[in-house]
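Comments concern the structure below.
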Amino acid sequence: MIVGSVKEDALLDKRISITPDTAKNLTDLGLKVYLEKKYAEHFGISDENYKNVKFFDNPNELIKNSNLLAQVNCPSTNLIENFKENSIILGILNPHKNKEILNNLVQKKVNPFSLELLPRITRAQSMDVLSSQANLAGYRAVIESVYEFEKAIPMMMTAAGTVPAAKVLVIGAGVAGLQAIATAKRLGAIVSATDVRTASKEQVESLGGKFLTVESSENLETKGGYAKEVGEDFKKKQAQMLEKAVSNSDIIICTALIPGKPAPRIISEKMIDSMKQGSVIFDLAVTQGGNAAYSEADKTVVKKGVKIIGISNVMNRLPVTASSLYAKNIFSFIRNLYSKEKK
């Protein structure tokens, strides 16, 4: 049984799927590991750091010889023809965006596992790529925003006067949102957060944030633990509540996503007009259309002195940590699939 991995396009994604540690774990299971040459050289990790691993110059040859291919993103069209029948592809395959590629793989009798669609159950926690990566995204979004915000974050009492604490609003209290709340609190900000799921209230408050909510008679959480799309009446009430919160905020972190659908538009042009000059909006939902008006992928748009930041792959800002966690998710999934006895 051979587990392989080819390099990602480093301009789009610097992460790797197999680290030297997880390569050792895979070989200890009795599996063989094949990697493309200079696989992790951009991290300063040479091929010599990988023990008992075979390296290939040609990614097509590697794929032809692998039973399972572990990737970060969906493979490109030119690699598909090299997959073996009944082989497996693992990764964040984004089936809504890559429907045609995945259909072609299925026709070739390749089994795709898109790890971001894993159910949120106890057994799957160690394989949950959304949680491991979103956790880092929430942390990094705050760090990037603080860098762009040209004032101090914590309250400071000095002989020259008092510097007030910055006010941070987090929209969406999932994994990324909760980590953003925790990071902003650690930096000394006054933090508030909002989410359509009332179950988030307790989690937000446990981290020291204030939970802003709109009363709703319907349950806005799916059985899988994700947010549902809300009705028009809820959207109106939410907009009224947010208008006031947005105008008082210095930094806003947007993390609200609905799996498989465009990101809900939560912050309107009118709300941005009401914000103070020098305020910052960081839109983590930018690749799915964005939660904020004006947000654009890989651009910082300035409107009336407010910076709206959209980075399409925040993981490229901390790829070593992201890869370490992602590779462990991959290993947990393979370990769960593989029977050592039956090989």
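The values are calculated or read from the model by the stated rules, or taken from the named source; none is laboratory data. Bear in mind the structure is a predicted one, so any value in this text is a computation, not a measurement. With ideal geometry, Cβ positions are generated from the backbone for all residues, glycine too; neighbour counts draw on all protein chains shown. The protein model used for the area step is the full one, side chains on, heavy atoms only, and it has no ligands, DNA or RNA in it. Shrake-Rupley method; radii C 1.70, N 1.55, O 1.52, S 1.80 Å.
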Review point. Which FRET efficiency value, to the nearest 0.05, do you get for Lys24 and Glu81 by plugging their Cβ-Cβ distance into 1/(1 + (r/R0)^6) with R0 = 30 Å?
Key: 0.40
Point to revise | Table column - 3J(HN,Hα) (Hz), the range 2-13, Karplus curve with 6.51, -1.76, 1.60, x for Gly and Pro | key: 10, 9, x, 7, 9, 5, 7, 6, 4, 5, 9, 8
Check your understanding: For the pair Glu269 and Asn248, what calculated FRET efficiency results from E = 1/(1 + (r/R0)^6), where r is the Cβ-Cβ distance and R0 = 25 Å, to the nearest 0.05?
Key -> 0.90
Check your understanding: When the chain is fully extended, how far beyond the present Cα-Cα distance does Lys99 get from Lys54, taking 0.36 nm per residue of separation?
Key -> 13.0 nm
Check your understanding: What residue among Ala23, Ala160, Ala239 has the largest mean-square fluctuation in a Gaussian network model of the chain, using Cα springs under 10 Å?
Key -> Ala160
Review point. Among Leu187, Leu318, Leu12, whose mean-square fluctuation peaks in a Gaussian network model of the chain (Cα, cutoff 10 Å)?
Key: Leu12
**Study point:** Accessible surface of the range 258-328 [probe 1.4 Å, protein heavy atoms]: carbon and sulfur percent
**Key:** 52 percent
Review point. Given only helices, namely DSSP H runs of n ≥ 4 each adding -39500 (n - 2.57), what is the per-residue ellipticity at 222 nm of the chain, to the nearest 500 deg cm²/dmol?
Key: -9500 deg cm²/dmol
Check your understanding: Once the Cα gyration tensor of the chain is diagonalised, what are the square roots of 5 times its eigenvalues, in whole Å and ordered largest first, as equivalent ellipsoid semi-axes?
Key -> 40, 22, 18
Check your understanding: Relative to the present Cα-Cα distance, how much length would full extension add between Lys108 and Val320 at 0.36 nm per residue of separation?
Key -> 73.0 nm
Exercise for review: Give the residue from Leu118, Val6, Ser145 lying farthest towards the positive end of the charge dipole for the chain; charges sit on Cβ (+1 for Lys and Arg, -1 for Asp and Glu) and the dipole is referred to the Cα centre.
Suggested key: Leu118
Point to revise | Zone of Glu150's modelled label, taken as backbone nitrogen in the range 272-298 under 13 Å from a point 7 Å along Cα→Cβ | key: 277-280
Practice item. Once you've got the GNM for the chain with C-alpha springs shorter than 10 Å, pick whichever of Gly161, Gly209, Gly44 has the biggest mean-square fluctuation. Key: Gly161
**Study point:** For the range 97-140 versus the range 291-343, the gap between their alpha-carbon centres in whole angstrom
**Key:** 12 Å
Revision key, fill the gap. Placing each pseudo-label 7 Å from Cα in the direction of the beta carbon, Lys261 and Glu41 end up separated by a distance in nanometres of 4.6 nm
Check your understanding: Restricting attention to the range 1-93, which trypsin sites (Lys or Arg not before Pro) occupy a DSSP loop and are surrounded by at most 15 other Cβ atoms within 10 Å?
Key -> Lys37, Lys38, Lys51
Review point. Which translational diffusion coefficient, to the nearest whole µm²/s, is obtained for the range 11-50 from the Stokes-Einstein equation, given a Kirkwood hydrodynamic radius over C-alpha pairs, 20 °C and 1.002 mPa s?
Key: 197 µm²/s
Study note, to complete from the structure: The answer for the longest stretch of the chain without any exposed GluC sites (Glu not before Pro) (DSSP loop, at most 15 further Cβ atoms within 10 Å) is 1-80
Exercise for review: Using a 1.4 Å probe over the heavy atoms of the protein chains, calculate the carbon and sulfur portion of the accessible area of the range 18-174 as a whole percent.
Suggested key: 50 percent
**Study point:** Solvent-accessible area per residue, Å², over the chain with all protein chains present [probe radius 1.4 Å]
**Key:** 50 Å²
